[in-house]
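The values are calculated or read from the model by the stated rules, or taken from the named source; none is laboratory data. The structure displayed is predicted, hence computed values, not measured ones. Note that we place each Cβ from the backbone using ideal geometry, even for glycine, and neighbour counts take in every protein chain shown. Surface accessibility is based on the protein's heavy atoms, side chains included, excluding ligands, DNA and RNA. Shrake-Rupley method; radii C 1.70, N 1.55, O 1.52, S 1.80 Å.
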Amino acid sequence: MFHKEGQKIIIFTFFLVVAAVLAAQFYIPLEWARLTVQLVALFILIAILQFFRNPKRHVTPNFDDILAPVDGKVVVIEEVYEPEYFKEKRRQVSIFMSPVNVHVTRYPASGTITYSKYHPGKYLVAWHPKSSTENERTTVILHTPKFGEIGYRQIAGAMARRIVNYAEEGEQVAQGEDAGFIKFGSRVDLLLPLNCNITVKLNQKVVGAKTCIASFRPEDDQ
């Protein structure tokens, strides 16, 4: 199944590929050249289809866990000062998505959206330290029953040119639901309370709506 954000691109690419294959068939006499053009066109179509794939993830909402919002690799786990909303220190966990990863963003927890804002910006490579504050991005804050307010940022990378964010302030959302999409390479930062228990390690591969990023410690509620 494919994400709705890719429908126009998929349809356009399909017709372009069909035209290229037919044109090559009728107008390129050399067999090796004809096959090369046709195979390249089919490869482009397959690449577009795999990028916009949207596998279904069945989630039973769990208030004690923060799940990965995207597929990818953990590239940052550190304590940072968050100046936009929290204006205090937070635990940041950053997940980098390569072009071959699923690029659907999913809500990491159930709760209420208290803040959602889009920021235009640069297109530094997604692993650049300044990409969190200087790249095109969205910041979303979610109030949860156990963790209080948590945040996540969709960050455009060097290839990405459009971020799609479905979060609207005041909306009730469920863990694992579709929260948006980032086209062609990106990164997502999670901004978590300092006292939560981080359950992933650097360079670990994670799966959106499946891998637990952080858990709630009962003693923190006492």
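Details
- Members of segment 162-217 found to be of a type in the set (Ser, Thr, Tyr) and touching an Asp or Glu at 6+ places or on another chain (Cβ under 6 Å), listed by number: 215
- Taken over segment 120-147, the criterion of being part of a strand (DSSP E or B), surrounded by fewer than 24 Cβ atoms within 10 Å (Cβ to Cβ) and at pLDDT below 95 is satisfied by 122, 138.
- Test: residue in segment 43-65 that is under 15 Å from residue 211 (Cα atoms), at pLDDT 90 or above and open to solvent by 80 Å² or more (accessible area, probe 1.4 Å): yes
- Unmet requirement for residue 27, which otherwise passes all of (1) free of Cβ contacts under 8 Å to residues at least 12 places away in the same chain; (2) touching a Gly at 6+ places or on another chain (Cβ under 6 Å): (2)
- For segment 66-82, a residue qualifies if it is surrounded by fewer than 22 Cβ atoms within 10 Å (Cβ to Cβ) and touching a residue at least 12 places away in the same chain (Cβ under 8 Å), and the qualifying residues are 73, 74, 75, 76, 77, 78, 79, 80, 82.
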